[in-house]
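Bear in mind these aren't lab numbers, they're just calculated from the coordinates by the rules spelled out. Values in this document were obtained by computation on a predicted structure and should not be read as measured data. Here Cβ is always computed from backbone atoms with ideal geometry, including for glycine, and neighbour counts include all displayed protein chains.
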Amino acid sequence: MTLRARLEVRHGTAFALDLALDVAPGETVALLGPNGAGKTTALRALAGLRPLTRGSVELDGTVLDDPAAGVRVATEHRPIGVVFQDHLLFGHLSALENVAFGPRARGVPRAVARGLASDWLARVGLAEYATRRPRALSGGQAQRVALARAMVTEPRLLLLDEPLAALDASTRLLVRGELRRHLAAFGGCTVLVTHDPLDAMVLADRIVVLEHGRVVQHGTPADVAHRPRTPYVAQLVGLNLHRGTASGTTVALADGGALTTATAAEGPVLVAFPPSAVGLHPERPAGSPRNTWPVRVDALEQHAGTVRLRLTGPPDVLADVTPAAVAELGLTAGAELWAALKATEVRVYPA
Amino acid sequence: MARRPPALLVVPAALGLAFLTLPLAGLLLRTPWAGLPARLAEPAVLEALRLSLLCASLATVLCLLTGVPLAWLLARAEFPGRRLVRALVTVPLVLPPVVGGVALLLVFGRRGVLGQYLQDWFGVSLPFTTAGVVVAEAFVAMPFLVIAVEGALRGADRRYEEAAATLGASRWLTFRRVTLPMVAPGVAAGTVLCWARALGEFGATITFAGNFPGETRTMPLAVYLALETDPPAATVLSVLLLVVSVAVLVSLRERWLGAAP
């Protein structure tokens with residue numbers, strides 16, 4: 001089971017999606033990107049809910065979509081399962097009937113369909129909620145029923161559209177864990193659309209980052225988390241990112257300033273380091289192989305347990321400090337101090 | 001804190017309410033209550049009532065069978081001239097019913113555009129028959145149903161239909177199992193309006209189907225006729241129609257329309 005898709009969707013002149021996507025059997029690929037990046041459009045195109053302008057969709061060697069060849073398999077004839085952001089369970093049907101809907105629509109006899117649906121409700125831990133209507137279910141329960149409804153038909157391609165976005169934080173944690181378990185047991189291809197980096201990191205084998213309808217980065221979650229390639233990705237994974245030109249262990253940054261690194265490189269590079277690696281001092285710190293440069297505090301944001309400082313350089317950086325340090329150093333907007341960064345904390349990779 | 005509504009709105013509103021309710025009150029005031037049971041039991045009255053209920057119900061069924069699919073096409077399908085079709089559907093709504101009756105005669109009459117073939121091929125003649133009453137009532141009442149159902153369809157979230165498609169449901173199955181249950185309140189509201197309109201139909205009926213006791217003389221026709229010969233009888237028949245209409249409206253309102261707050 002393999003998905004090979006080349007998706008080109010144009011909407012007037014304002015929006016265009018251009019995405020090549022290959023998914024191996026049993027693999028989960030996350031489409032990660034900001035709102036309006038084209039993630040959902042890509043998912044709808046895979047589901048056949050949105051026509052391709054150009055390109056093709058091929059699943060297990062069967063062409064599902066190819067406008068050039070005049071092929072377009074209707075949504076209801078595609079071997080897919082879709083979980084939507086706000087579950088879209090049918091309000092007039094019970095949880096069991098919702099899950100049985102797919103098999104029934106595909107011609108499975110009523111009793112068999114209800115049996116399958118019961119099994120799946122049990123697998124998502126909702127056997128005792130079979131007779132409930134969707135409005136009598138919590139958000140997390142409804143989303144689990146939606147997952148059962150999508151998976152009961154044994155789809156070869158599972159499409160998840162922000163499946164956790166509508167849930168509150170604690171429910172999200174539970175459902176994410178459950179989703180991970182089901183995806184691990186699922187033999188087909190899975191495409192997950194999300195704007196939450198944590199969903200992508202936990203659930204996906206590979207991440208494709210979309211911005212403005214184009215792929216800006218792809219790789220394993222660890223790769224994306226460690227080596228962001230755009231400011232958007234860097235912000236998602238919480239790293240400082242700079243572009244520059246390396247010459248040995250010195251990188252001249254494009255926005256001004258220079259950093260010393262522990263590993264040597266040559267030519268155009270990206271450098272990344274966590275905000276927690278940036279030390280702050282009232283005076284210029286002495287000695288040791290460190291990067292030091294004067295900065296001015298631009299803004300302070302309270303995060304859980306730490307305070308994130310936006311510092312103007314060059315280079316501009318984010319730094320995480322403790323509330324105690326904020327008090328000791330008398331940090332307010334406009335304060336001037338020195339930033340320090342160990343060369344070993346800086347990751348360098350080709351641009 | 002609730003502010004006092006301005007008198008400039010309250011006074012005309014009260015006048016409007018009085019205007020709408022006083023005639024009904026007058027009807028009830030002048031009803032010869034003492035002789036009511038005897039008058040209601042008259043065969044002619046029962047005949048007209050039976051015919052009215054039968055024809056209005058058959059006309060409503062006819063409207064449901066064709067009007068709901070028509071509303072679906074208007075709301076969901078893309079085809080050239082859809083705006084024109086919607087305009088055509090609403091024409092009977094604004095057309096004087098008597099004109100509708102004339103138009104029906106010209107089409108379904110013995111020499112009509114279609115009527116001559118119905119007569120020649122099937123030996124069927126609609127004008128001046130009970131079937132003609134049903135046709136006349138359906139013609140006048142169908143727009144009420146189509147407009148109500150189309151509105152409900154437009155208001156329904158189409159993503160549920162997409163979800164059904166991803167589960168393998170054909171468009172017909174989706175319509176039957178997902179769309180129709182979603183718009184059921186709208187269909188019910190449309191059905192009530194349609195039935196009420198059919199029940200009260202006068203102009204198109206008398207023009208197209210005539211006024212034959214037991215065959216085409218529905219309640220409204222009987223009321224009109226009685227007014228000339230036996231005014232108290234007209235009052236009794238009117239009260240009867242009023243009661244039937246209100247009863248249906250109330251019963252369906254509580255069950256289906258979810259009653260506005």
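Quick notes on this one:
- Taken one residue at a time, the phi angles of segment A:235-244 give Karplus couplings (6.51, -1.76, 1.60, θ = phi - 60°) of 5, 4, 8, x, 10, 7, 9, 9, 9, x Hz. Gly and Pro are set to x.
- Kirkwood's formula applied to the C-alpha pairs of the protein assembly as shown gives a hydrodynamic radius of 30.6 angstrom.
- A cut-off of 5 Å between modelled amide H atoms, ignoring neighbours fewer than 5 places along the same chain, links A:Val63 with no other residue.
- Rg and Dmax, both from the Cα atoms of chain A and both in Å, are 24.5, 79.
- Note that segment A:21-37 has calculated 3J(HN,Hα) couplings of 9, 10, 10, 7, x, x, 8, 10, 10, 9, 9, 10, x, x, 4, x, 7 Hz, one per residue in order, obtained from phi through the Karplus relation 6.51 cos²θ - 1.76 cosθ + 1.60 (θ = phi - 60°); glycine and proline are x.
- With K and R counted +1 and D and E -1, the other residues having a Cβ less than 12 Å from that of A:Leu164 yield a net charge of -3.
- 5 Å-binned pair-distance histogram of segment A:245-323 (Cα, whole percent): 3, 14, 22, 24, 18, 12, 6, 1
- Taking amide H atoms as placed 1.01 Å from N in the peptide plane, the amide H of A:Gly188 lies under 5 Å from those of A:Gly26, each 5 or more residues away in sequence or on another chain.
- In chain B, the alpha-carbon atoms span a convex hull of 202 Å³ per residue.
- Rounded to whole Hz, the Karplus (6.51, -1.76, 1.60) HN-Hα couplings of segment A:250-266, x for glycine and proline: 10, 10, 7, 7, 5, 8, x, x, 8, 10, 9, 10, 7, 9, 7, 8, 9
- Within segment A:209-319: Cβ-based charge dipole about Cα centre, in debye rounded to nearest 20 (Lys, Arg +1; Asp, Glu -1): 40
- Mean projection area, nm², convex hull over Cα of segment A:1-91: 6.9
- Residue-averaged beta-carbon neighbours from other chains (10 angstrom radius) around B:223-231: 0
- Net charge over other residues, Cβ less than 15 angstrom from the Cβ of A:Val269 (K, R count +1; D, E count -1): +2
- log10 of Debye I(q)/I(0), alpha-carbon scatterers only, for segment B:116-261 at 0.08, 0.14, 0.15, 0.20 Å⁻¹: -0.35, -0.84, -0.90, -1.13
- Cα-derived Rg over Rh, computed across segment A:11-149 with Rh taken as Kirkwood radius: 1.02
- Extension gain, A:Ala20 back to A:His212 (0.36 nm per residue minus Cα-Cα distance, nm): 67.7 nm
- The residues neighbouring B:Leu199, those whose beta-carbon lies less than 15 Å from its own, together hold a net charge of +1 under the Lys/Arg +1, Asp/Glu -1 convention.
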